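The values are calculated or read from the model by the stated rules, or taken from the named source; none is laboratory data. Note that the coordinates shown come from a computational prediction; the quantities given were computed from them, not determined experimentally. Don't worry about glycine lacking a Cβ; one is built from the backbone with ideal geometry, like all the others, and counts go over all protein chains shown. Remember, those area values only see protein heavy atoms, side chains included, never the ligands or the DNA or RNA. Shrake-Rupley method; radii C 1.70, N 1.55, O 1.52, S 1.80 Å.
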Amino acid sequence: MNEIDLERDLTEAQRAELGDLSAVTKLLVSYEVADPTPSETDLLLAKLKPVLAERTAPEPIESPLSPSRAFSSQAWLGVARAQIEILPLGFWLAGVAVGTLGLFVGFAAGAEWLITLIVLLAPLLAAGGVAYTFRPETRGLEELERISVVGPLELLYIRLGVVLAFNGSISAALMLALGLGGMDVVQLWRLVLVWLGPMIGLAGLALYISVRWHTIAGTIVPLVLWAGAILFGWREIVARVEWTPATSLYRVAAAWLIAQINNSDGLLLAASIALIVGLFLMQQAGQTVMRNRTA
Amino acid sequence: MQDTDEALYREVRRGSEAALTEIVHRYHAPLLRFLHRLTDNRMSAEDLVQETFTRLIIYRGEPPHNFRTWAYTVARNLARDQFKSAYFRLEESESFEDWDERRPMSAADNSLEETVAAVMQRHEINLLLQQLPAAAHEVLVLRFYHDLSLEQIGAVVGLPLGTVKSRLFNALKTLKTLLHAEITP
Amino acid sequence: MSATNLTVTSLTKFYGAQPALHGVSFALNTGSTALLGPNGSGKSTLLRLLATLISPDAGEIRFCAQNYAADVRSVRAHIGFMPQEVDLPHHLTPYQILRYLAQVRCIPMQHDMTIHETLAALGISHLSRTPLAKLSGGQVRLVAAAQALLGKPRLLLLDEPTRGLAPDERNQLWHAVVRFAPEIMLFSSHNADEAEDRAERLLIFRGGRIRFEGLSETLKARAADHVYEVRVPKAVAAVLQREYHVSQIRDDGALRTLRMVGTPPDGVESKHVSPTIEDAYLWLMRSP
């Protein structure tokens, strides 16, 4: 430390007043503080260099990381295949069981019964499948999925797609069997709409409730709603059909449903609305998933 | 020949890492010592040094005529902001006149030499210095430890030369009074 | 080309009105860093922000100059993350979980470090076909560590990786980490000794802010004047233990040696001792 002559800055009068300052000087000299070590200086530099880089480059700096690319169809398929691999066996068995039952009923009891089965069961199967797939137990992976390259929204839709594609393909296979069997009792496009509308509607509802609240509610709410719709339809039938002891009420009901599919524009409208609502709810579920990230 | 601080700083503003490295090597130690003495806290001083350099780097106004004075000004103002509540409280609440009546610390040694030795041994010099009003303390630190001229100190603390002179005088007087108070409780 | 680096600037994250991280800034180059601090001090929040699991309320993160906010996917491709709580589907096997995550992360299967190699590095390859329901808690955590190492990430983030692991499992984990050699690793811990052993640098948090950043040697040097031992009768020791911060106790006949952090009590002879990292950490946590 350089000895600083403190008196140099003082006037004659001040010097006289203060007198001997050597003790004060000695004291001041003794107050030493440590210099930074070379590694501390290096550390400081390491922290400052990014600041410098940012200051001198107001434009975003070129990153040595390769920018993310748009997803190839192969990558999408890979992710979809991965979903298939982690879905539990019970999910697949339930779908196959319903399909087998449908085929059996169709050939044994006739086309009307098969159509009734498709229309009544497909939405339940889809809603149940969705709620089951998004149950909390499978969400243990969620955190790890959320930081994957694919992204949470894409994963949600891929998984939903896998579930709906599987359930849909079972109904489609049954309808194909219907067509091949020459049982053309309905116009196919009308049947598809009446089948697809409630299926997407209930699946959307199940997904939204499962993601937003809980998977149990996601199962129960669509189930109750659908049961209500069936009961309402049943009441209509009972009220309108001319009842004789010889008629089988179930056969009448099936025939009534076929007639409705072929003739009722109201039913088609309702199915279309269910389809739109279902798609909207799926989109909302996606929004919910994205919001979770910023929460 | 060495580049001047001002020339180096112009290079830093153009983004030169080499110039930044040189500036940091020149100023890390003096600024750290300065802030350490001002705040009496090594960790705060380290944070403040980093913040000082960050400010110097991101500054986009006119480059300073005298880099050294300016660096001390930035460091001093940051310390002042951060420690307004604690360290600079003294400045507002106490005037120099109070110091004559004040009886600081405890000690019963009977010579100035011994007191100085004792204070040094107990590492209490910093405590003694911290008892100075902040305005006097910073002038003393800049003058004694960093060899800034009175004019430069005036630029750093933003005061006219006359006031700087009287603060330095008051600081020395107070310090001497404190030392004597150690001897004659 | 610049070296691998991670720069965090003024990072702030609120949970409700409570700031979990408050204006945190630091820059790291290649190497390993341990995050220390009490529960709720911001370690996990920082790791979750770095893992892109949550997004900050203010501030910026850059990995290799890539701003997270600008292209999160390009960053994710280089991150491995082991969360603190691991809840993986019980019906799946370690192999199935790793295979699934490799697929959703688009990790090429012909990659040098395949699933089996990763499991083998952690010493659990023999369990690759056993459903998680049948594994111990420690083994499940090793599976979680395996998924973080999968694909040899450049930035490895481990949130309390050794919690609940048996000593041999801990060793396995650290061996695997060394073998996979991530360019930058950050891990949180409650164990200062482990942090000193496994990391080159420490980041110590308190109340959502960085309290210390640097080498463990530096921290110990700072604490050097504040760690001391006193040797007193047991009755006196009992009083001191209540009122001072005691980091270690040794009994020696009728006397008791206390290792203490802070300011020595008056009237008791104390002797300065060189601090361990644990002492230095305690001192830092207690200083204002």
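Looking at chain C alone, DSSP beta bridges between its own residues are antiparallel in about 70 percent of cases.
What fraction of the DSSP beta bridges in the protein assembly as shown is antiparallel, stated in percent and rounded to the nearest 5?
Values: 37 of 54 bridges.
Once the DSSP bridges in the protein assembly as shown are tallied, antiparallel ones form about 70 percent.
Report summary: the helix-based calculation at 222 nm, which adds -39500 (n - 2.57) for every DSSP H run with n ≥ 4 and divides by the residues of chain C, gives -9000 deg cm²/dmol. On alpha carbon coordinates alone, what is the Rg over Rh value for chain C, Rh being the Kirkwood radius? On the Cα set of chain C, Rg over Rh gives 1.04.
Could you tell me which of the pairs C:Lys43/C:Lys220; C:Lys220/C:Lys271; A:Lys49/C:Lys220; C:Lys152/C:Lys220 are separated by over 23 angstrom between their Cα atoms in the structure shown? Working shown, then result.
Values: C:Lys43/C:Lys220 21 Å; C:Lys220/C:Lys271 17 Å; A:Lys49/C:Lys220 27 Å; C:Lys152/C:Lys220 34 Å.
Violating the 23 Å Cα-Cα cut-off are A:Lys49/C:Lys220; C:Lys152/C:Lys220.
Heavy-atom accessible area for C:Phe205, with the other protein chains in place and a 1.4 Å probe, reaches approximately 0 Å². Measuring with a 1.4 angstrom probe and ignoring ligands and nucleic acids, A:Leu93 comes out at about 100 Å² accessible. Against the main long axis of the alpha-carbon atoms of chain A, helix A:152-180 sits at an angle near 10°.
What does the accessible area per residue of chain C come to in Å², with a 1.4 Å probe and no ligands, DNA or RNA counted? Could you put the intermediate results ahead of the total?
Values: 11880 Å² over 288 residues.
Ligands and nucleic acids excluded, the result is 41 Å² per residue.
Using only side-chain charges placed at the Cβ, +1 for Lys and Arg and -1 for Asp and Glu, the dipole size of region A:6-51 relative to its Cα centre rounds to 240 debye.
Find how many whole Å separate the alpha carbon centroid of region C:1-48 from the alpha carbon centroid of region C:189-265. Answer, in whole Å: 25.
Need one number: buried accessible surface between chains B and A, 1.4 Å probe, both sides summed, DNA, RNA and ligands left out, in Å² to 100.
On the way: alone 10570 and 19160 Å², together 25400 Å².
Using a 1.4 Å probe, the pair buries roughly 4300 Å².
Accessible area per residue (1.4 Å probe, heavy atoms of protein chains only) ranks C:Phe187, A:Phe280 as A:Phe280, C:Phe187, with the largest value leading.
Buried surface for the A/C pair, taken as the accessible area of each chain alone minus that of the pair with a 1.4 Å probe, is close to 4000 Å² in total. If you sort C:Cys64, C:Cys106 by accessible surface, 1.4 Å probe, largest first, the order is C:Cys106, C:Cys64.
Pairwise alpha-carbon distances in the protein assembly as shown exceed 50 Å for 39% of all pairs.
Pairwise Cα separations in chain A fall into 5 Å bins from 0 onward with the following percentages, short to long: 1, 4, 8, 11, 11, 10, 8, 6, 5, 4, 3, 3, 3, 2, 3, 3, 3, 2, 2, 2, 2, 2, 1, 1, 0, 0, 0. Taking all protein chains together, B:Leu159, A:Leu101, C:Leu157 sort by accessible area into A:Leu101, B:Leu159, C:Leu157, largest first [probe 1.4 Å].
Report summary: the helix-based calculation at 222 nm, which adds -39500 (n - 2.57) for every DSSP H run with n ≥ 4 and divides by the residues of chain A, gives -25500 deg cm²/dmol.
Solvent-accessible area of A:Arg81, all protein chains in place: 130 Å² (probe radius 1.4 Å, heavy atoms, ligands and nucleic acids excluded).
Of the residues B:Leu132, A:Ile273, B:Thr21, the one whose Cα sits farthest toward the positive end of the charge dipole of the protein assembly as shown, with +1 on the Cβ of Lys and Arg and -1 on the Cβ of Asp and Glu, is A:Ile273.
Heavy atoms only, probe 1.4 Å: what % of the accessible area of region C:15-171 goes to carbon and sulfur, would you let me know?
Values: 2790 of 5520 Å².
Carbon plus sulfur share of accessible area: 51 percent.
Around the amide H of C:Ala69, modelled in the peptide plane, lie the amide H atoms of C:Ile61, all under 5 Å away and 5 or more residues distant in sequence or on another chain. Averaged per residue, region A:114-173 has 26 square angstrom of accessible surface, using a 1.4 angstrom probe with ligands and nucleic acids left out.
Across peptide C:64-76, the mean count of Cβ atoms from other chains lying within 10 Å of each residue's own Cβ comes to 5.
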